[in-house]
Every structure is written in C-alpha cells, then in structure tokens.
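The values are calculated or read from the model by the stated rules, or taken from the named source; none is laboratory data. Predicted, not measured: the structure shown is a model, and the values here were computed from it. For neighbour counting, all protein chains shown are included, and Cβ atoms are generated from backbone atoms with ideal geometry for every residue, glycine included.
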Amino acid sequence: MESEEKLFSFDDQLSAIVKQSHHFIPRGNGRCYGDASLAEQTINTLKYDKILSFDAVNGIFECQSGLMLDQVLEVIVPKGWFLPVTPGTKFITVGGAVGSDVHGKNHHVDGTFSNHIIDMDVMLASGEVITCSPERYTDLFEATCGGMGLTGLVTRVKFRLKKIETSYIKQKQIKAANLEEIIRLFDEYKHYTYSVAWIDCLKKGKNFGRSILILGEHAKVDELPEKKKKDPLKLPSRKQITFPFNLPSWVLNSFTVKLFNFLYYGKNLKREINNIVSYEPFFYPLDAILHWNRGYGKKGFVQYQFVLPLEAKQGLIEILNRISDRGLGSFLAVLKIFGKQDSLISFPSEGYTLALDFPVRKGLFEFLDELDQVVLQYGGRLYMSKDARMKPEVLQAGYPRLEVFKSIVKKYNPDYKIRSVQSDRLLLTK
Amino acid sequence: MPTALILGAASDMAVAIAKKFASQGYAVQLAARNAHRLQPLLSDIAIRYNVAATVHEFDARQFASHPQFFDTLPALPDVTICVFGYLGDQATASADWKECAQIIETNYTGAVSILNVISNKYAARKSGTIVGISSVAGERGRQSNYIYGSAKAGFTAYLSGLRNSMYHKGVHVVTVQPGFVYTKMTEHLQLPALLTAKPEAVAKAVYKAVVKKKNVIYVKWFWRWIMFIIKCIPEFIFKKMKL
C-alpha cells in the first residue's frame, strides 16, 4: 500500500500536521511486525527525538517520543543505569515502547514498560495535549499503554531507570531435553531477573520441546574478570553487518530449520554454561544483523505470539504438536513465562508465551486461524504488535476489557481520526 | 572548551552539525528565529555530550540587529557556521517579489550582513574559522531554481573573497557545497539515493574541513565532478536543456 508520511521536529509543526490531517496513525521506527503503524497517512516521530532531562542520581529519564532505545542506552549506561524493560531490539522508539507496552525477559519480575512510566504527554486528535499518569487522566493513561497509538500521539515520556553496576550480564544457559524439563527449569530459576528459552518446535518424540534456557543478571563489579573491571560501564562497540539481499524463499524449509536447530542446540556441549557477556548480545542478538528479515525472502514472514494461562500447559503441547506436524517451525521460537499483570489492553498476562516466526507460504494463514482457535479455547490471546492477520473475534475473545478500551478510544479520538489498517481490520475504529 | 556558533540552528543540517561539534567537546551557541523552540535541542546536547549549550534569538533578515546579536553572545565563538538558507519556490518567486526578496535576503544579504560583523571581529583578534553552507545550485543557473541559485552563487563568491581577505589576518573560511541532502527543505522532492547525503554526513564533513583547514568541500566527492561537467556544457546547448 502507499502511505504519505509526515515528519516533524517541533511541537508547533506537529499540531499543525495533526490539525490538517483527515486521518493518521503515529509511527516510530516501524518495527511492529504487522500493520499497526500503517495507514494512508502516518505521522513519523523519528525527528522528534530530544532528551529533555536525565537525573543520573535518582535514575529518571525524560525524552520526546521519537528517541530510540539505542540512544537512551548510550546516554544512561555509562552513568550506571539501564532500561527498566527492554524488548529484543533496541531500534524502537520510546513512543513505540508505550504504544505496544513492550515486555522483556524480566516480565515476571519487572512487568511491562508502562509500569515504569512516571507521566507522559499525549496529543489527541484535536491537537490538545494532555499529561497523563497512573494518577492523572487514568483512563487515557491505561488506554495509551499498549493501545497501539489509537488514543493519540505520545509526545513526551518520563520514566524510571534500573540501577546497574556494570554493562555486563552474568549469563547462565541450561539445556533442557524436553518440554517438561524446560517448564520445571523456568520454575526452579524464577528468581532470576532475566529468563527466556529458545525452543525447537520441530522435534518429536522424547525430545519434544527441547530447549535452551537463557538466564541473566546484571553483573556486579566484583564478578567481572580483572580486565573488564577497569571500565565496568563500557558501551559495547557498534559492529553491524548487513544482510545484503533477499534469500530465495525456498531456502527456509523444514530441513534447513531442523539443521539449524540441531546445530543451535548442539553448540552448547555442556548441559550448563556460565559466562559474562555484554548486554548487547544478551538482549539484542538480532540487532547485529541489519535487514535480517531478508533471510525470509521476498514473501517475508509473519510473527505469531500468544500467551496461555499457567494451567493451560496442555494447550502449549497441542500448539507445538500442530506446528511440528506441519513442519512450519521457525528459527526463532522463543518461550517465556510471564508474571502477573493487570492492564487494560497490554498483551502480557500470567502464563506461557510463545513467539514464532513463520515464513509466508501457501496455507499459512489458514493454519494460523486454526492456531487462534486453540489459543482461545485454552483462554489465551495474541499480541497486537506482532499481528498482521487476526480476525476481530479473536481479539474480542482474548481481551476481556476490550469494550472499556474501545470506549476510552472513542472518548479521546471521537471521530476515529487516528486509525490504522490494523485498527480498522480489528474493528477498533469502526 | 572551544565554542561553535550555529546560525540557523533549527534545520536538520544544523542540528546534525551542532551535535557533531558538541560530541567533539565544543560548547555550542544555537541561534535561530523563535529560539524557544530549541529548548529541547539544548537539553539534548547538554545531556548527551556534557557541554555548555545556549540558545539565542537571531533573524538573518533583521540586518540592523546583527552587530548587537553578536556582541551579546556569552563568549566569542572560535568557529561560526552559517547554516541558514531558504529554498523558496521558483515559480512563486518569479511572480511575487515578496518570495523573491525572502530568498535573496536569506541566502545572500543576511549571510553577508552577519558574516561581515563576525569576520571583522575575527580579523581584529587574528583567529577564528567561518564556515558557510552554500549550494551546488549556485554553480550554474538553471530554470528550475535560478533565484535561489543566484543568491547562493553570490554567497559562494562572497565566501571566496572573504577567504582571500581573511587569509592574511589568520582567519580561515570554509565553503561547503552539500549537494542533495535529506532534510526538511528537500522532504517534498524525489532525490536519487546515490547522490543524496544524510545531514550527519554533512556534519562530519564540516567538522573535518574545520580541523584540516579545507577551503571548498563537496560532501559527496562526485558532486565536484558532476558540477564540473555541468559547468563545461556550452551555453548554446545548456539554454535548450530542461534542468
């Protein structure tokens, strides 16, 4: 589709654009996997990226919404602070982190990004700017966190940071032979701040669900090797390689994925590995490869992420079975256990979450519709930031407070001037 | 701590240049119209680079205000970078004197006015660097933007003469010919990616030119050759072309 994109650097430019637009959706760095920030008109925040204040004593950071997380890290890490919550890429804007209410490997300990917001400004469809927080304009605040930009354009965010002694992570990796074991390990190590597992979706039989659990804690200075102690808050070097062209789509097939999984699982020779790594490879392994999506070929891929309640382990087994039967699994299947969360529209809720990439193939969309039914049957739901294809009924069934969310959107965006291809598809703005 | 003055600090190119100099330890003075809009940039630079940053009200077309503007700066800047410019619209400008005057006064008269003030101060002090952001549009008039082009041509000639004059007084002058750059000014144009620089690339080139005392720089090297070829086309052919 074609889209007209408007950029701005100053507040007065933004309000002029908002007032002139018939309809629009706010857009940051465009890293949502689906159509959440697509519309005929988009307002791009990337040039609205100034740091407004940084209290390095108390760890409070305030910026305009177009600032990307990599820039935040460059400023705060040398001063002994870290993002309270970070997703698996640092190339997203702070505004996007609010709109998707992103989570990270520490969800079970620290919740989502919005749990750390002190207050923020939102420009409504009318051009009016409202400051909201958990105490002020609570409805606007709740519906903006995870609300996919539908309440307004976030302009300013003030949030709390996490104190660190070093820029390194004390990492522990444990191999699990099957699904039972990985779930037991998650429970055993739930006191770890960061935990996530890579899972092999194609393996059957006694090794069904074999995984590598990856755990981490921010390393303390005295845990570092002597060489690194001299500069404990050193920023990682910025090395990036570029994926130069689209791989032909046939390259990814069940054989190559099985081979990759075999090598990935096999590379850890010992059952348990403990080491000290920079935060970069721990949190952002894919950021090192620019345009990594080209590996999926011109047809691309879709992401699929769902969460199931803790008691629905059977659902997880059923979905993994269906994926391995189809042979449609992806390189990057990521399993995590979410902690408790009680938000209006944010995705996380207590239970198992699994994120998968599926290369686009004939029959994929029908297959995903089938998976949706299993997810709903077990009381789960899907993540809107990764969605490009779910039906409105699936959203409706997964989010019990959807009607409340819709009524708040209607209150602050009464003519649905702010709308995306996704919000129209999901009947949030119709 | 050395100080850099950025004239016309609200543009994308100016923001990139201010950040580059700040990242190299320069205190920056940001001058523009509606200077209050630059408060976020001010905090951003001060926090990122831990340097002193100030904002100052400056209007290139208020010629009479220029001496006082410069005298009231908190410190005499070591480097002055003249970034402001106005592309305007050729069709409007050829019919409407108001638009035409704005193009000429911003790109030429205003620049000459403020740089006269500054170069006199630098000459008296016997040190300083002046950078003027001109344009390849000034190298040969073309039907699509010859009012902007002629104003920039005047500015380029001014910088050349100023460099000659200031050389004997220990002051260096750099002329920058950026070529196409992705900025607010060119947002509505379809630019060929290969020929177009990012503002950050311009900033890097400007900083390097100041350090190495370059005279005339093109941000992407082939622009020098593109313009050489364009200048070589005989006039009887050139006048028939649609450029």
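From the list A:344, A:376, A:395, which residue is within 19 Å of residue A:302 (Cα to Cα) and either modelled with pLDDT of 95 or more or outside any helix (DSSP H, G or I) (or both)?
Numbers: A:344 fails: within 19 Å of residue A:302 (Cα to Cα); A:376 fails: within 19 Å of residue A:302 (Cα to Cα).
One residue alone meets the criteria, A:395.
Answer yes or no as to whether residue B:120 is modelled with pLDDT of 95 or more, more than 23 Å from residue B:218 (Cβ to Cβ) and more than 15 Å from the chain's Cα centre (by Cα).
Taking the combined requirement at face value, the residue satisfies it.
Restricting the search to the range A:57-71, which residues are assigned to a loop (DSSP other than H, G, I, E, B) and either within 10 Å of chain B (Cβ to nearest Cβ) or touching a Cys at 6+ places or on another chain (Cβ under 9 Å) (or both)?
Passing the criteria: only A:67.
Does the range A:347-374 hold any residues that are hydrophobic (A, V, I, L, M, F, W, C) and within 27 Å of residue A:256 (Cβ to Cβ), and which are they?
A:354, A:355, A:356, A:358, A:360, A:364, A:365, A:367, A:368, A:371, A:374, listed by residue number.
Limited to the range A:3-26, what total is found for residues that are in contact (Cβ under 8 Å) with a residue 24 or more places away in the chain and more than 14 Å from every other protein chain (Cβ to nearest Cβ)?
The number of residues fulfilling the criteria is 9.
Considering A:101, A:49, which residue is surrounded by 20 or more Cβ atoms within 10 Å (Cβ to Cβ) and away from chain B (no Cβ under 13 Å)?
The match here is A:101.
hydroxyl-bearing (Ser, Thr, Tyr), at pLDDT 95 or above and closer than 29 Å to residue A:408 by Cα: does that describe residue A:131?
So residue A:131 fits the description; yes.
Could we say that residue B:151 is surrounded by 22 or more Cβ atoms within 10 Å (Cβ to Cβ) and out of contact with any strand residue (DSSP E or B) (no Cβ under 9 Å at 6 or more places or on another chain) here?
Judged against the criteria, residue B:151 is a match.
Out of the residues in the range B:136-169 meeting the condition of being part of a helix (DSSP H, G or I) and among the hydroxyl-bearing types (Ser, Thr, Tyr), tell me which one is farthest from residue B:16 (Cα to Cα).
B:165
Between B:208, B:204, which is at pLDDT 95 or above, over 15 Å from the mean Cα position of the chain (by Cα) and not hydrophobic (A, V, I, L, M, F, W, C)?
Checking each option against the conditions leaves just B:208.
Which condition from (1) surrounded by 19 or more Cβ atoms within 10 Å (Cβ to Cβ); (2) farther than 24 Å from residue A:15 by Cβ; (3) under 21 Å from the mean Cα position of the chain (by Cα); (4) within 14 Å of another protein chain (Cβ to nearest Cβ) is the one that residue A:74 breaks?
(1)
Anything in the range A:397-423 that is buried (at least 16 other Cβ atoms within 10 Å of the Cβ), over 18 Å from residue A:372 (Cα atoms) and under 22 Å from the mean Cα position of the chain (by Cα)? List them, or say none.
Selection gives A:405, A:419, A:420, A:421, A:423.
Just for the range A:36-45: of the residues that are assigned to a loop (DSSP other than H, G, I, E, B) and surrounded by fewer than 19 Cβ atoms within 10 Å (Cβ to Cβ), which one is farthest from the other protein chains (Cβ to nearest Cβ)? Even if it seems obvious, please write down each step before you answer.
Filtering the range A:36-45 down to residues assigned to a loop (DSSP other than H, G, I, E, B) leaves A:36-40, A:45.
Now drop any that are not surrounded by fewer than 19 Cβ atoms within 10 Å (Cβ to Cβ), which leaves A:38, A:40.
Numbers: A:38: 20, A:40: 18 Å.
Among those residues, the one meeting the criterion is A:38.
If I filter the range A:379-393 for residues that are aromatic (Phe, Trp, Tyr), over 24 Å from residue A:122 (Cβ atoms) and either touching a residue at least 12 places away in the same chain (Cβ under 8 Å) or in contact with a Phe, Trp or Tyr (Cβ under 8 Å, 6 or more places away or on another chain) (or both), do I get at least one hit?
Residues of the range A:379-393 aromatic (Phe, Trp, Tyr): A:383.
Keeping just the survivors that are over 24 Å from residue A:122 (Cβ atoms) gives none.
No: the range A:379-393 contains no residue that is aromatic (Phe, Trp, Tyr), over 24 Å from residue A:122 (Cβ atoms) and either touching a residue at least 12 places away in the same chain (Cβ under 8 Å) or in contact with a Phe, Trp or Tyr (Cβ under 8 Å, 6 or more places away or on another chain) (or both).
Within the range A:182-212, restricting attention to residues that are in contact with an Asp or Glu (Cβ under 9 Å, 6 or more places away or on another chain) and within 18 Å of residue A:339 (Cβ to Cβ), which residue is surrounded by the fewest Cβ atoms within 10 Å (Cβ to Cβ)?
The selected residue is A:193.
When the residues of the range B:50-82 are filtered to those that are within 14 Å of chain A (Cβ to nearest Cβ) and either closer than 13 Å to residue B:6 by Cβ or in contact with a strand residue (DSSP E or B) (Cβ under 9 Å, 6 or more places away or on another chain) (or both), which remaining residue is surrounded by the most Cβ atoms within 10 Å (Cβ to Cβ)?
Out of the qualifying residues, it is B:53.
In the range A:239-289, which residues are hydroxyl-bearing (Ser, Thr, Tyr) and at pLDDT below 75? Steps first, answer last, please.
Within the range A:239-289, the subset hydroxyl-bearing (Ser, Thr, Tyr) is A:242, A:249, A:254, A:256, A:264-265, A:278-279, A:284.
A:249, A:254 - these are the residues of the range A:239-289 that are hydroxyl-bearing (Ser, Thr, Tyr) and at pLDDT below 75.
Only one of (1) touching a strand residue (DSSP E or B) at 6+ places or on another chain (Cβ under 9 Å); (2) modelled with pLDDT of 95 or more is not met by residue A:360, so which one is it?
Among (1) touching a strand residue (DSSP E or B) at 6+ places or on another chain (Cβ under 9 Å); (2) modelled with pLDDT of 95 or more, the lone unmet condition for residue A:360 is (2).
Just to be sure I understand the filter: pairs with C-beta atoms under 6 Å, separated by 6 or more residues or on different chains, first member in the range B:173-192 and within 12 Å of another protein chain (Cβ to nearest Cβ), second member in a strand (DSSP E or B) and of a type in the set (Val, Ile, Thr). Which pairs pass?
Sorted first by the residue in the range B:173-192, then by its partner, the pairs are B:182/B:196.
For (1) under 30 Å from residue A:168 (Cβ atoms); (2) in contact with a Phe, Trp or Tyr (Cβ under 6 Å, 6 or more places away or on another chain); (3) of a type outside the set (Phe, Trp, Tyr), each residue gets a yes or a no:
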{"residue": "A:206", "(1), (2), (3)": "no, no, yes"}
{"residue": "A:209", "(1), (2), (3)": "no, no, yes"}
{"residue": "A:219", "(1), (2), (3)": "yes, yes, yes"}
{"residue": "A:223", "(1), (2), (3)": "yes, no, yes"}
{"residue": "A:233", "(1), (2), (3)": "yes, no, yes"}
{"residue": "A:238", "(1), (2), (3)": "yes, no, yes"}
{"residue": "A:249", "(1), (2), (3)": "no, no, yes"}
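Could you figure out which of (1) touching a strand residue (DSSP E or B) at 6+ places or on another chain (Cβ under 7 Å); (2) modelled with pLDDT of 95 or more; (3) more than 30 Å from residue A:253 (Cα to Cα); (4) surrounded by fewer than 21 Cβ atoms within 10 Å (Cβ to Cβ) isn't true of residue A:236?
Checking residue A:236 against (1) touching a strand residue (DSSP E or B) at 6+ places or on another chain (Cβ under 7 Å); (2) modelled with pLDDT of 95 or more; (3) more than 30 Å from residue A:253 (Cα to Cα); (4) surrounded by fewer than 21 Cβ atoms within 10 Å (Cβ to Cβ), the one that fails is (2).
Could you check residue B:16 against (1) over 13 Å from the mean Cα position of the chain (by Cα); (2) farther than 18 Å from residue A:12 by Cβ and say which number it fails?
(1)
If the requirement is being out of contact with any helix residue (DSSP H, G or I) (no Cβ under 8 Å at 6 or more places or on another chain) and among the acidic types (Asp, Glu), which of these qualifies: A:350, A:366?
A:366
Over 29 Å from residue B:188 (Cβ atoms) and more than 9 Å from every other protein chain (Cβ to nearest Cβ): is that true of residue A:54 in this structure?
Against the criterion (over 29 Å from residue B:188 (Cβ atoms) and more than 9 Å from every other protein chain (Cβ to nearest Cβ)), residue A:54 does not qualify.
Which condition breaks for residue B:182 when tested against (1) touching a Lys or Arg at 6+ places or on another chain (Cβ under 8 Å); (2) among the aromatic types (Phe, Trp, Tyr); (3) over 26 Å from residue B:18 (Cβ atoms)?
(3)
Of the conditions (1) free of Cβ contacts under 8 Å to residues at least 24 places away in the same chain; (2) farther than 23 Å from residue A:305 by Cα, residue A:277 fails just one. Which one is it?
(1)
Pick out the one residue from A:216, A:300, A:295 that is in contact (Cβ under 8 Å) with a residue 12 or more places away in the chain, surrounded by 12 or more Cβ atoms within 10 Å (Cβ to Cβ) and on the phi > 0 side of the Ramachandran plot. Even if it seems obvious, please write down each step before you answer.
Values: A:216 fails: on the phi > 0 side of the Ramachandran plot; A:295 fails: on the phi > 0 side of the Ramachandran plot.
The conditions single out A:300.
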